[in-house]
Each structure stands twice: as structure tokens, then as C-alpha cells.
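**Q** If you scroll down you'll find the structure; I have some questions about it.
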Amino acid sequence: MIDCGRWWRPLALVLGLSPLAALALPRAASLTPCADQYLLGLADPSQIVAVSNYATDPGQSLFAAEARRYPSTRGGGEELVALRVEVVLTDRWMPLPVTERLERFGIRVVQIPLPETWDDIAATTRAIAAELERPEQGAARVADMRARLVRLAARREAAGQAPLAAYFLPDGGSAGSGTFIDAVLRAAGARNLAATLGRNGWGTFNLEQLTLAAPDVVVTGFFDQGGDTLRMAFARHPVFQRLLAGVPTIAVPDRYWICSGWFLAEAAEYIAERLPAAAGGL
Amino acid sequence: MSAALQVVAPQDRRLMLGLTALLIGLAAAGLLVGQLSLNPWRTLAELLGGDPRLAVIVWEIRLPRVVLGLLVGASLGLSGAALQGLLRNPLAEPGILGVSASAGLGAVLALYFGLAQATLWALPGCALLGAFAATLFLALLAMRDASPMSLILAGVAVSSLAIALTSLALNLAPNPLALSEMVLWLLGSLRDRGLSDVALAAPFMAVGWALLLSAGRELDALTLGEDAARSLGVGLGWLRARVIGGTALTVGAATAVTGSVGFVGLIAPHLLRPWVGYQPSRVLWPSALAGAALLAAADLAVRLIPTHQELMLGVVTALLGVPFFVHLLLRVRRTLP
């Protein structure tokens with residue numbers, strides 16, 4: 001596997017060392033695993049004040065090594081005020097009262113949406129970069145993402161018929177058309193089974209449908225988190241286990257798609273590199 | 001020992017036959033109807049015709065679910081009826097008294113702190129211990145204070161504590177998504193369960209059923225009061241041990257594989273009272289059958305109601321059970337000042 005996401009490190013270092021760059025940048029912190037990725041991937045190291053507790057987990061964070069350099073918080077108002085944070089990055093699921101309280105302290109709360117298409121991801125990446133006053137870094141991330149997508153498209157052209165991929169969460173959750181998972185699977189050169197079955201948006205697959213479908217490949221996400229729990233009943237079921245045993249499985253590490261952002265191009269590359277040929281193309 | 005399995009009274013045979021017929025119908029419906037909107041008759045025809053995909057759907061996906069639903073429903077119905085007899089409280093029920101929530105706490109501790117990975121039996125074992133602790137506490141309380149209301153209130157407290165500790169355990173678990181599992185433990189589900197779940201729970205349930213079903217005659221004697229029961233030769237300690245142990249085994253095993261499903265143990269016995277009256281020995285067997293039928297019907301409902309995500313089983317039983325509970329509560333308040 002190619003380690004493909006680290007070209008910017010020297011660039012960030014140069015920018016970080018530049019006193020001019022650090023002078024005016026707002027002090028920023030992130031509250032959720034998704035926001036951690038945006039902060040660590042877009043902000044200048046000098047402006048990062050704190051990350052969330054999950055940022056240093058290499059299973060869940062593409063930037064786990066970088067995150068270790070910063071203090072982590074539980075995201076309480078007191079901590080953020082004491083750290084003199086000016087901008088807080090969080091998900092759109094943050095409760096409104098928390099946002100309002102932080103804003104009363106003069107902290108700007110930036111809620112990262114969950115973009116579902118590559119164009120929306122590009123727009124979101126640029127918008128968050130602008131909030132951090134790092135438009136050049138946002139543009140660089142988007143350019144890198146686009147370049148990866150172009151390379152993936154060339155690969156798709158060469159590969160011929162796209163294999164049918166079934167995406168699963170351990171609870172049987174899946175993603176139909178109009179989701180970023182669908183965008184990732186298509187970019188990787190696969191057809192999304194849930195979308196071909198006419199599913200829209202996020203939802204669950206049921207075992208019964210599974211027996212009637214014949215995917216060429218299974219793509220799993222977040223299977224390493226649950227352990228042997230009630231939530232994992234779908235993953236444990238003999239019918240699903242037999243499907244897993246019968247077709248190639250690509251277990252995408254959580255960190256590649258903890259949420260939707262420019263880094264999803266890396267998730268698509270991860271899948272593309274492991275994709276088998278379509279059954280029809282044999 | 002007078003603890004031989006209670007033979008069904010002759011006057012209840014027709015009720016039992018009716019319930020059995022209902023169960024067979026619901027089980028057949030559970031096999032022929034499911035998440036896929038296939039015509040049940042075609043399903044049957046193609047199944048008999050040897051379609052391998054339908055065989056997988058019916059035998060590997062629907063059958064474990066139906067069987068587990070029947071076992072769990074019977075366990076909850078039976079333990080509800082037995083608890084009502086032992087505690088002499090018509091409102092007693094494993095869900096309301098916090099026995100299910102305590103079993104869930106035991107299961108969560110086993111799952112998230114490595115015990116369940118070490119040995120398969122740790123999961124039902126810990127759930128059983130949780131249920132046992134809660135039932136024992138409530139029985140000791142009922143011996144000191146016979147008021148039905150204080151027992152229900154104590155059950156509410158046990159339930160709240162167990163839920164809070166479950167949440168605490170999931171908070172401390174080294175898994176950021178653990179807390180999203182809470183709803184499964186609180187409301188229960190039979191979705192995607194396999195025969196391995198049946199195999200895990202069934203042995204515990206079978207022993208529990210035997211203990212509970214053997215208690216009928218002595219529970220009958222207990223309706224006359226403890227002194228009267230003692231004078232009739234009932235060993236109260238042994239009786240309590242069997243009902244508490246049987247409840248822990250049945251509810252613990254059921255909760256370990258499905259999460260806690262409330263109100264089944266309340267609805268089942270009370271639906272039958274018009275036929276079998278208040279004599280515990282006559283309520284036990286029919287309650288097991290009615291509980292099984294109720295859960296089979298509820299599971300059929302969650303599979304057929306076209307919600308985006310499948311409904312939790314406990315949602316359906318609570319929607320049915322809460323009006324029932326309120327009705328009983330008002331009646332108890334009228335009869336017992």
C-alpha cells in the first residue's frame with residue numbers, strides 16, 4: 001500500500017515556522033473525531049490549541065501521530081475558555097445550547113456538515129479552511145483530492161466492468177445512492193449494491209435481501225469497534241458469515257472514513273487497490 | 001416432593017389447545033412472512049419446491065428468530081406469572097421490577113470487560129447473576145413490607161440503578177460507539193439472531209422453566225398467606241429459592257440474547273385471568289404460551305411495519321403494556337387502600 005497522504009507535512013512545517021503565518025491565525029480546537037481530521041488536516045500547527053479525546057487513536061484518526069502533539073479536551077466550555085480558543089470545529093450534531101453557550105464566550109462554533117458528493121466535499125473543505133484562515137491549505141487538499149479522483153477514474157476506465165460491492169456496517173447498516181459511501185465506492189470503481197437495489201440514503205440491509213443478492217465483493221466499515229455485542233448480531237449471523245467467506249472482503253480501516261471529507265479519496269484508493277474483477281468480466 | 005410438574009387442570013385444556021393453535025399459527029406466519037415482501041403462499045410453494053435461497057431465508061434467518069421469540073416470550077410470561085404469585089402482587093413483572101434491566105447490566109459488564117470473550121457462558125451467566133441479585137433484593141423487600149405499591153416503587157429504583165450503571169459501564173468501555181448500544185439493551189430486538197443465540201439461552205431457560213412450573217401448587221397455598229402455606233406443609237424458603245432462581249435463569253438468559261423486553265410478563269397472565277382466575281398453578285402454563293404468542297406477534301409486527309429502521313421489540317410491547325399497567329394500577333388502588 002502506498003502511504004499517500006503526507007506530502008503536505010514539510011509544507012505545514014514551513015508555514016508553521018513562519019512567524020507571519022502564525023501571527024494572525026485564530027486559535028482553534030476540535031470536539032469530535034470528524035472535526036479532528038479537519039483541524040489537523042487544514043490548520044497550521046501553531047494555531048491548533050486542542051483536539052478531542054479520540055484524535056490520537058490511530059484506528060480512528062488519519063492524523064493520530066500529529067494529534068499527540070496537542071492537549072485533548074472533553075469539549076467542555078470551561079476548558080475551551082481557559083485555552084483561549086477562538087474557533088471550535090464540531091459536527092452538525094452538536095446540541096444547540098452548547099453552541100449558544102460557547103458563542104456567548106466569544107468562541108466561534110463551526111459545524112462541519114456531512115457532504116455526500118465530491119463537489120460538496122470540496123466546497124466544505126474550502127469553507128472550513130476559510131474559517132481557519134487557511135484557504136491555501138483548503139485549496140491544496142481539494143487539488144490533491146481531485147488529482148486522486150482523476151487517477152482513480154483512469155484506473156476505472158482500464159478495469160472494464162465494475163464489480164458489484166456490498167457495503168456493511170456491523171449492525172447491517174448500509175448506504176444507498178446519495179451518500180458519501182456511494183460516492184467512494186463509485187470512485188473506487190465498484191457498483192454499490194444498495195444503490196442498484198434502489199436504496200436512497202442511509203439505511204439498513206436485512207439478511208433476507210442479502211440471500212437474494214450476489215455481490216462480487218463485500219466492503220466493511222467499523223467492524224473492529226463493536227466486539228461481540230448485541231449491536232453486532234448482523235455481523236455474527238451465519239448467513240452473513242457465509243457471504244463473507246464466499247467473496248473477497250475489503251475491511252476499510254475506520255480512519256479512512258470516520259466522516260466525510262477530502263480524505264475519502266484515500267478511502268476510495270484503499271478500496272480500488274483491493275477490488276477484484278467483476279464476476280461478469282471473468 | 002410436591003414439586004412435580006403441574007399437570008394442566010381439565011377445565012383449562014381447551015384454553016391450552018387454543019393457545020397452542022395460536023402459537024403454531026404465529027410461528028408459521030413468522031416463517032412465511034418477513035422483511036422481504038414475498039407472497040407467503042409462493043414462499044411456501046418454492047420452499048417445498050427446493051429453492052435454496054428460500055431455504056436459507058426461512059430456515060436460517062426466520063426460524064432462529066421465531067424460535068428465540070417463542071422461548072423469550074414463554075420465559076417472560078412464565079416468570080411474570082410466577083413473580084405475581086410469589087410476591088402476591090398483580091403488578092409484578094420482570095421488566096417493571098428491574099429484573100430485566102439488571103440482567104442487561106450483567107450482560108453489558110460481561111461483554112465490555114472481556115468476560116464474554118473468555119468464555120461463551122459468561123454472557124448468560126452474568127445476565128443471570130444480575131437478574132438473581134435484583135429478584136433476591138425484591139423478594140427480601142416483599143417479605144418485610146407486603147404493600148404492592150412499595151414493591152413497585154422499589155422495582156422502579158432497581159430499574160433506574162441498573163440502567164444508570166449500564167450507561168456508566170458503556171461510558172467507561174473503550175469504544176466510542178458503545179453508548180449507541182444502550183437502546184438495544186433497553187428495548188430489545190430479535191433482529192438477526194441465529195441458532196447460536198438459541199443454543200446459548202435455551203439450556204438456562206429450560207432449567208428455569210422447570211423450577212417455575214414446579215412451584216404452582218405451593219404458590220396456590222401461598223395465596224392464603226404465609227402462615228397458612230406453612231401449615232399446609234409448604235417450605236417457604238425452598239419455594240422462594242425456586243421462583244427467584246427460575247426467574248433469574250429465564251429472564252437472565254432471555255435478556256442476554258435479546259435485550260430487555262418489557263410488559264410481556266404483565267400482559268400474558270392478566271389476559272388469561274378471565275379464564276383461569278387468580279390461582280397461580282392454573283396461570284403458569286397458559287402464561288408461558290400466551291407470552292410466547294405475544295412476543296411472536298410483536299416480532300411479526302416489527303417485521304411488517306414498514307419503518308425505515310426496524311422498530312425495537314420493546315416499543316411494541318410497551319405500547320401494548322403501559323395502558324394495561326395503568327388499568328391494573330387503578331384497580332389495585334381501588335381494592336387495596
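The values are calculated or read from the model by the stated rules, or taken from the named source; none is laboratory data. Everything quoted here is computed from the prediction, not taken from an experiment. Using ideal geometry, Cβ is built from the backbone for each residue, glycine included, and neighbour counts are taken over all protein chains shown.
**Q** Of everything in segment A:203-230, what is surrounded by fewer than 23 Cβ atoms within 10 Å (Cβ to Cβ), farther than 20 Å from residue A:252 by Cβ and at pLDDT 80 or above? Give them in sequence order.
**A** Within segment A:203-230, A:206, A:208, A:209, A:211, A:212, A:214 meet the criteria.
**Q** Next question. Exactly one of (1) out of contact with any strand residue (DSSP E or B) (no Cβ under 8 Å at 6 or more places or on another chain); (2) surrounded by fewer than 19 Cβ atoms within 10 Å (Cβ to Cβ) is unmet by residue A:111. Its number?
**A** Only one criterion in (1) out of contact with any strand residue (DSSP E or B) (no Cβ under 8 Å at 6 or more places or on another chain); (2) surrounded by fewer than 19 Cβ atoms within 10 Å (Cβ to Cβ) is unmet by residue A:111, namely (1).
**Q** Still on this structure, I have one more. Tell me whether segment B:142-160 contains one or more residues that are at pLDDT 80 or above and under 29 Å from residue A:57 (Cα atoms).
**A** The answer is no; no qualifying residue exists.
**Q** May I pose another question? If you go through segment B:302-335, how many residues are touching a helix residue (DSSP H, G or I) at 6+ places or on another chain (Cβ under 9 Å) and surrounded by 12 or more Cβ atoms within 10 Å (Cβ to Cβ)?
**A** Selection size over segment B:302-335: 18.
**Q** I'm told residue B:78 meets every condition in (1) buried (at least 24 other Cβ atoms within 10 Å of the Cβ); (2) within 13 Å of chain A (Cβ to nearest Cβ); (3) of a type outside the set (D, E, K, R); (4) in contact (Cβ under 8 Å) with a residue 24 or more places away in the chain except one. Can you identify the failing condition by its number?
**A** (2)
**Q** How many residues are more than 29 Å from the chain's Cα centre (by Cα) and either in a loop (DSSP other than H, G, I, E, B) or of a type outside the set (Val, Ile, Thr) (or both) when one looks only at segment B:41-70?
**A** Of the residues in segment B:41-70, 14 are more than 29 Å from the chain's Cα centre (by Cα) and either in a loop (DSSP other than H, G, I, E, B) or of a type outside the set (Val, Ile, Thr) (or both).
**Q** To continue, here is another question. Name the helices (runs of 4 or more DSSP H) wholly within segment A:21-86 that hold at least 2 residues that are in contact with a Phe, Trp or Tyr (Cβ under 6 Å, 6 or more places away or on another chain) and within 18 Å of residue A:264 (Cβ to Cβ)?
**A** The helices (runs of 4 or more DSSP H) meeting that bar are A:33-42.
**Q** Let me ask another. Quick test for you: out of A:191, A:242, A:255, pick the one residue that is of a type in the set (Lys, Arg) and in contact with a Ser or Thr (Cβ under 6 Å, 6 or more places away or on another chain).
**A** Just one listed residue meets the conditions, A:255.
**Q** Okay, moving on. Please work out if residue B:179 is in contact (Cβ under 8 Å) with a residue 60 or more places away in the chain and either closer than 30 Å to residue B:301 by Cβ or among the aromatic types (Phe, Trp, Tyr) (or both).
**A** No.
**Q** Here is a follow-up. For segment A:236-253, name all the residues that are in contact (Cβ under 8 Å) with a residue 12 or more places away in the chain, closer than 17 Å to residue A:215 by Cα and at the interface with chain B (Cβ under 9 Å from one of its Cβ atoms).
**A** A:239, A:240
**Q** Need a quick list: strands (runs of 3 or more DSSP E) entirely within segment A:156-210 having at least 2 residues that are in contact (Cβ under 8 Å) with a residue 60 or more places away in the chain and in contact with a strand residue (DSSP E or B) (Cβ under 7 Å, 6 or more places away or on another chain).
**A** Where strands (runs of 3 or more DSSP E) fall fully within segment A:156-210 and carry at least 2 residues being in contact (Cβ under 8 Å) with a residue 60 or more places away in the chain and in contact with a strand residue (DSSP E or B) (Cβ under 7 Å, 6 or more places away or on another chain), they are A:164-168.
**Q** If we scan segment A:159-182, do we find a residue that is within 8 Å of another protein chain (Cβ to nearest Cβ) and of a type in the set (A, V, I, L, M)?
**A** no
**Q** Tell me the residue from B:302, B:257 that is within 14 Å of another protein chain (Cβ to nearest Cβ), of a type in the set (A, V, I, L, M), in a helix (DSSP H, G or I) and within 22 Å of residue B:97 (Cβ to Cβ), please.
**A** Within the list B:302, B:257, the selection yields B:257.
**Q** Let me ask something additional. Filter segment B:71-100 for residues that are in a helix (DSSP H, G or I) and not aliphatic (A, V, I, L, M); which is nearest to residue B:193 (Cα to Cα)?
**A** Among those residues, the one meeting the criterion is B:73.
**Q** Only residues in segment B:97-114 that are within 19 Å of residue B:75 (Cβ to Cβ) count as the first member; pair them with residues that are outside any helix (DSSP H, G or I), Cβ under 6 angstrom, at least 6 apart or cross-chain, and list the lot.
**A** Partner pairs satisfying both residue conditions: B:100/B:94; B:100/B:260; B:101/B:260; B:104/B:260.
**Q** Name the single residue that is surrounded by the fewest Cβ atoms within 10 Å (Cβ to Cβ) among those in segment B:260-294 being away from chain A (no Cβ under 14 Å) and among the polar types (S, T, N, Q).
**A** Out of the qualifying residues, it is B:279.
**Q** Moving to a separate point now. When you scan segment B:213-236, do you find a residue that is buried (at least 16 other Cβ atoms within 10 Å of the Cβ), assigned to a helix (DSSP H, G or I) and within 14 Å of chain A (Cβ to nearest Cβ), even just one?
**A** Scanning segment B:213-236, I find no residue that is buried (at least 16 other Cβ atoms within 10 Å of the Cβ), assigned to a helix (DSSP H, G or I) and within 14 Å of chain A (Cβ to nearest Cβ), so the answer is no.
**Q** As an exercise: evaluate residue B:110 against (1) of a type in the set (A, V, I, L, M, F, W, C); (2) surrounded by 22 or more Cβ atoms within 10 Å (Cβ to Cβ); (3) within 30 Å of residue B:224 (Cβ to Cβ) and give the number of the one condition it does not meet.
**A** (3)
**Q** If we keep just the residues of segment B:165-179 that are in a helix (DSSP H, G or I) and touching a Leu at 6+ places or on another chain (Cβ under 9 Å), which is surrounded by the fewest Cβ atoms within 10 Å (Cβ to Cβ)?
**A** Restricting to residues being in a helix (DSSP H, G or I) and touching a Leu at 6+ places or on another chain (Cβ under 9 Å), the top hit is B:171.
**Q** Being under 19 Å from the mean Cα position of the chain (by Cα), under 24 Å from residue B:207 (Cβ atoms) and within 14 Å of chain A (Cβ to nearest Cβ): is that true of residue B:241 here?
**A** no
**Q** Right, here's the next one. Take segment B:47-75 and flag every residue that is modelled with pLDDT under 95 and away from chain A (no Cβ under 14 Å).
**A** B:48, B:49, B:50
**Q** Something else about it: Among the residues of segment A:203-235, what is the count of those that are more than 7 Å from chain B (Cβ to nearest Cβ) and more than 27 Å from residue A:268 (Cβ to Cβ)?
**A** 0
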